[in-house]
Every structure is written in structure tokens, then in C-alpha cells.
């Protein structure tokens with residue numbers, strides 16, 4: 001058997017190559033049925049393309065691709081960290097209601113104008129607040145006698161998530177002429193991302209993701225058990241709080257700019273664990289690459305079926321691909337991966 | 001490295017679990033903490049490495065009050081072999097033992113060559129050399145116990161705490177685990193504190209015994225001083241006596257009967 005370090009290195013290299021290919025595919029899309037060759041994409045990227053290819057590749061496609069990479073990386077590493085912190089395979093921003101929490105804030109931000117505050121600031125800010133409030137609510141609901149029970153956590157997550165979704169639906173219902181925007185946003189939409197928004201989101205996601213990576217070792221110990229982690233000198237409460245805050249910020253940043261994109265945080269870490277084992281020092285950084293890659297694949301799929309249905313919202317594409325994988329994992333109950 | 005418990009109190013809500021426990025731990029000894037279920041043994045142990053913080057009194061580690069130390073500082077000096085050692089994840093034995101170096105490492109960066117050497121030595125010492133790449137979730141309870149002991153050794157502790165180390169083990173494995181720790185203590189001067197309700201095991205391996213009863217120290221001293229028929233009757237409600245096993249040159253306990261009239 002190959003040592004895990006080698007497997008990780010091989011997987012990482014393969015993922016990076018695959019991501020670059022996916023990025024080029026995604027950048028090459030022109031319109032339903034037509035796309036550029038990789039060479040044309042490259043020429044456009046280095047500024048030697050035609051007038052049209054420069055605009056399409058660099059101004060239309062590139063922001064979408066870059067936003068997709070950051071959102072995918074952020075959501076996937078968040079999923080990996082949350083699964084470790086809750087010692088629960090179902091933990092993800094989506095299942096725990098964080099996404100719907102952020103949706104509510106973002107919908108409020110789009111619907112009501114706050115005086116003196118531009119919408120580009122208000123929307124992510126409100127998304128962060130409601131996202132964080134959701135996390136606190138779900139977490140405190142599932143605390144029974146000082147410990148968090150897995151089943152209760154998932155159930156509270158689902159319950160709170162449904163309630164928040166209903167509120168978002170209500171806001172959509174009364175939204176009037178802003179309805180289309182909210183609906184489109186709630187399905188996830190990378191096409192909205194502008195360079196200005198990316199300049200805002202990318203640093204937030206990057207900083208938080210890097211800080212999450214520093215927690216990989218304590219998270220390994222916490223996966224074995226909170227008591228074990230404490231015996232090894234980990235301040236379990238502080239680590240858990242730190243990870244939850246970072247996760248919330250990442251989810252809020254991602255969701256408030258591109259809408260709800262589900263299943264990345266759930267599916268990507270699981271697939272990597274099957275390949276590479278449980279060590280978060282490998283799983284977390286690779287989740288970032290794989291998450292970005294997954295979003296680009298989904299985005300490309302969403303575009304190539306454009307001749308039939310129009311361009312699918314990215315959230316629909318990730319769910320269409322991610323949900324079956326998730327169901328497969330649930331049925332298989334991967335004991336060998338470690339979740340009991 | 002000394003450990004001293006002074007007037008320790010601990011309560012869960014309104015319920016006092018430890019009500020003024022005084023317990024000096026002598027360097028290099030194997031100390032047994034005995035008591036029936038629910039007497040606060042495990043709570044006492046958890047107070048010795050700051051997993052719980054006392055409601056009153058204090059735990060002094062090398063003359064320093066533990067409440068002023070960080071968990072990481074404590075983990076550099078005190079290692080634990082916990083009661084349950086189930087591991088559901090496919091961490092390898094090497095990964096697991098290497099976690100013992102966590103209190104000495106920074107957030108990022110790999111293990112130093114010193115760390116690697118200590119981990120290999122711990123694996124060697126516990127006879128796990130052939131198991132390095134085995135997955136934790138495919139091992140038996142006794143094997144996992146040995147890995148956890150190796151992890152504790154890799155923590156290069158001055159004091160080792162063991163919570164019911166024999167609870168989930170087959171009889172021969174109980175002896176293996178305690179023989180290993182006994183040898184380690186004699187060879188390296190490691191102080192060991194063992195919590196147990198197994199009278200015979202504690203009599204056999206411990207230099208001194210603390211007997212807990214009704215949330216307080218009922219008796220403290222050598223096996224002869226503590227494991228008297230009266231004490232065992234009062235605390236454990238059994239008719240039992242200590243005897244010296246000539247064949248192995250150590251103490252053991254014979255349990256005659258329970259004193260409950262059914």
C-alpha cells in the first residue's frame with residue numbers, strides 16, 4: 001500500500017491539473033453550442049486575444065471562474081472542519097441551516113434599503129449576522145446537559161433551516177419587482193459576481209480558510225473525542241468556537257455574493273476521506289482544491305446544457321450532481337471511513 | 001515533579017462530588033485511587049489534568065497552582081490513558097502516537113526530528129513496532145489501549161493518569177497493560193496515578209492507595225494500611241482480605257462474599 005503522504009501528493013497533483021483543465025473549459029464558453037479553443041482562451045488571458053475573446057473570456061467568464069474557485073474552496077473546507085468539530089458526517093453549512101440563515105439576511109438586504117449604507121455592504125453584513133445567529137440558535141438548541149447530541153443537532157438544523165426558508169419564501173412573495181432577483185439568487189448564481197465583489201469576498205474567504213487550516217491538528221484530536229483532545233492540551237471549547245466563527249464568516253461571505261450553493265461542504269470532504277483517510281492536515285487543504293474544482297465542473301455542466309434549458313443556476317447543478325453522491329454515501333454508511 | 005491536591009471540592013450543579021480531598025502524590029510512585037462507582041474517582045482524576053476545574057481548593061503541579069496554567073502547559077507534564085479508547089476513524093497507529101507530541105508543537109509545521117525519535121521510541125517500548133501502519137478502527141480493545149499508552153509515553157509526561165485501565169480488557173491484557181506501566185515507572189521514575197475499582201489489581205501494582213468514600217478520602221497509605229477488612233467492608237460492602245502472594249512477591253485481595261443480605 002502506498003503511504004498516505006504519497007497518495008495525498010498524487011491526489012493533489014491530479015486535482016490541480018484537473019482544476020486547471022476545468023477552469024479553461026469554463027473560460028472557453030461563448031454561447032450555447034460555441035466555445036473557444038484552449039489556445040484562444042490562453043491568448044485572451046495573456047491579453048493577445050481578439051476584441052471579442054478578450055471581453056468574453058476576461059470580463060464575462062473569468063470573474064465567474066474565480067468566484068467559483070473561492071466559493072467552492074471555502075465551502076468545502078468549512079464542511080470538512082464542521083464534520084470534524086461535531087464528529088458528525090452530516091454536518092455541513094447546508095444541513096445545519098447556515099445557508100438558509102445567510103439567505104434570510106441577504107434577502108432582507110436586497111429587499112430593504114438601509115439609509116446611507118450601500119446594498120453591496122448591507123447585503124453581506126446582514127447575511128453574516130443572520131448566518132451567525134442561526135449557528136448560535138441551532139447549536140444552543142442541541143445542547144443537552146452540556147454536550148451536543150448529533151441527532152438533535154441535525155434535527156435542529158433541519159427545523160431551523162425550514163423555518164428560515166419559509167421566511168425567505170415569504171420575503172420573496174412580498175418582494176414585488178425584486179422577486180426575480182431573490183429567486184435567482186437563492187438558486188446560486190456565479191454569473192452575478194463582479195471583480196469588485198470578488199475583491200471583497202476573496203480575501204475574507206482566504207484568510208478564514210487559512211485560519212481553519214491552522215486548526216487541523218486540534219481537529220484531528222477532537223475527531224477521536226473531546227476528552228482525548230483535552231488530554232492532549234487542546235482547549236476544546238475555544239477551538240470549537242473559533243472553527244464555528246470562521247465557518248460562519250466563510251459561509252456568509254460566499255452565500256451573500258453568489259447565493260445558496262449546496263452539497264459542496266458535504267460531499268467533497270467525504271470523498272477525500274474515502275481516498276486519503278481521516279487526517280485533517282491532508283483533508284482540509286485538499287478539500288479547498290477539490291471544492292473549487294467541483295464548482296467549476298458543475299458550472300461547466302450548467303453551461304453545456306444551455307441549448308436545452310438555458311444556463312442552469314450553479315446551486316441547481318451542484319445539487320443535481322452532489323445529492324446523488326450524498327445519497328450513495330448515506331446508503332453505504334462508510335464504516336471504514338470512520339463514522340459510526 | 002510533584003502533584004499535590006489540597007482541599008479539592010467539585011460539584012456538578014448542587015451535587016457535591018468531591019468534598020475536600022487532600023492527596024499528596026509522591027514522585028515516582030504508583031498511586032491507586034480506589035472507590036466504588038459514583039464516589040468521584042474519575043472526577044478527581046479529571047481535576048488532575050485540568051479537564052475539570054475545581055469548585056474549591058486547588059491542585060498544585062510542581063508548586064504551581066494548576067488553575068493558572070494553560071491546558072497545553074498541563075499536557076506537557078501530565079498524560080492520560082482514558083477509560084474508553086474507541087476510535088472510529090482510520091487513523092494509523094503512527095498518526096495516533098504522534099498526536100502525543102501535540103502539546104509541544106506549533107499550529108503549523110511538521111514534527112521535528114526529535115519528535116519523530118520520541119514517537120518511534122514510544123512505539124518500540126510498547127511493542128507496537130509491527131503495527132505502525134495498522135488502522136485504529138481495525139484493532140481490538142487491548143491493542144488500542146497499548147496505542148493510547150504509547151501516545152501517553154510520546155507526551156514525555158512526568159505524571160501519567162490512568163482511568164480504569166483494566167475495565168474493557170481481557171484478564172491477560174489487564175496484566176500486560178499494568179506490567180508495561182509498572183516497568184515504565186520503575187525504569188524512568190514516571191509517577192502514575194491509577195483510578196480503579198479493581199481491588200486486586202490496585203493491591204498488586206500500587207505503592208500507595210487512596211480510598212475514597214462519601215466524596216472524601218477514607219484512608220490513605222500502603223496497601224497493608226488501607227486494604228484492611230474493615231475499610232473494604234465499609235467502603236465496598238464486601239467481606240475481603242489482603243494477602244501476600246509469595247509466588248509473585250506482591251499483594252493481592254481475596255474476595256469472600258458480598259455483605260448485602262438478599
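Extension gain for residue B:26 to residue B:107 (0.36 nm times residue separation, less C-alpha to C-alpha distance): 25.7 nm. The stretch B:149-179 and the stretch A:279-303 have Cα centres lying 42 Å from one another.
Taking label positions 7 Å along the Cα-Cβ direction at both residue A:178 and residue A:207, the computed distance is 2.8 nm, reported to one decimal. Using only Cα atoms and rounding to the nearest 10 degrees, what angle (0 to 90) does helix B:113-125 make with the longest principal axis of chain B? Between the helix axis and the principal axis of chain B, the angle is about 50 degrees. Across peptide A:221-228, the mean count of Cβ atoms from other chains lying within 10 Å of each residue's own Cβ comes to 5. Over chain B, the alpha carbon radius of gyration divided by the compact-protein estimate 2.2 N^0.38 Å works out to 1.03. Rg and Dmax of the stretch B:87-156, both derived from C-alpha coordinates alone, stand at 11.4, 32 Å. Using R0 = 56 Å, the C-beta based FRET efficiency linking residue B:255 and residue A:170 works out to 0.20. Projecting label points 7 angstrom from Cα along Cα→Cβ for residue B:9 and residue B:53 puts them 1.7 nm apart.
Can you work out the FRET efficiency for the pair residue B:183 and residue B:244, with r the C-beta to C-beta distance and R0 = 22 Å, to the nearest 0.05? Mind showing how you got there, number by number?
Working: r = 21 Å, r/R0 = 0.96.
Result of the calculation: an efficiency of 0.55.
When the helices of chain B are scored as -39500 (n - 2.57) per DSSP H run of n ≥ 4 and the total is divided over every residue, the value at 222 nm lands at -9000 deg cm²/dmol. Relative to one another, the C-alpha centroids of the stretch A:169-204 and the stretch B:201-217 are positioned 66 Å apart. I'd like the distance between the alpha-carbon centres of the stretch A:78-130 and the stretch B:73-87, rounded to an integer number of Å. Computed from Cα coordinates, the inter-centre distance equals 37 Å. Between 0 and 90 degrees, the angle of helix B:171-188 with respect to the longest Cα principal axis of chain B falls at about 70 degrees. Spread over its residues, the convex hull of the C-alpha atoms of the stretch A:246-331 is 100 Å³ per residue.
What share of the DSSP beta bridges in the protein assembly as shown is antiparallel, in percent to the nearest 5?
Numbers: 33 of 51 bridges.
The antiparallel fraction comes to roughly 65 percent.
Here the stretch B:84-200 is treated as an ellipsoid with the same Cα gyration tensor; its semi-axes, largest first and in whole Å, are 23, 17, 12. With no solvent and one point per C-alpha, what does the Debye sum give as log10 I(q)/I(0) for the stretch A:4-337 at q = 0.13, 0.15 Å⁻¹? The Debye formula, applied to the Cα set alone, gives -0.97, -1.26. Each pair of Cα atoms in the protein assembly as shown enters the Kirkwood radius, and Stokes-Einstein at 37 °C and 0.692 mPa s then converts it into a translational diffusion coefficient of 122 µm²/s.
Every pair of different Cα atoms in the stretch B:1-46 enters the Kirkwood calculation, which places the hydrodynamic radius at 11.6 Å.
Please compute, for peptide B:81-93, the average count of beta-carbon atoms on other protein chains lying within 10 Å of each residue's beta-carbon. Show your work: numbers first, answer last.
Numbers: counts 1, 5, 1, 3, 3, 3, 6, 10, 14, 11, 7, 5, 0.
For this peptide, the per-residue mean of nearby foreign Cβ atoms is 5.
Going by average Cβ neighbours within 10 Å, how do the peptides A:259-272, A:124-137, B:12-25, A:168-181 rank, with the highest at the top?
Values: A:259-272: 26.8, A:124-137: 21.9, B:12-25: 15.9, A:168-181: 13.4.
Packing proxy ranking, top to bottom: A:259-272, A:124-137, B:12-25, A:168-181.
In chain A, the calculated helix contribution to ellipticity at 222 nm averages -24000 deg cm²/dmol per residue, counting -39,500 (n - 2.57) for every DSSP H run with n ≥ 4. Here the label points at residue A:12 and residue A:163, each 7 Å from Cα along the C-beta direction, are separated by 4.3 nm in the simple model. Every Cα-Cα pair in the stretch A:1-112 was counted, and those over 23 Å apart are 54% of them.
Taken together, the values in this text are just the output of simple stated rules run on the coordinates, not laboratory data. Quantities reported herein were computed from a predicted structural model and do not represent experimental measurements. A quick note on method: Cβ atoms are made from the backbone with ideal geometry, for glycine too, and the neighbour counts reach across all protein chains shown.
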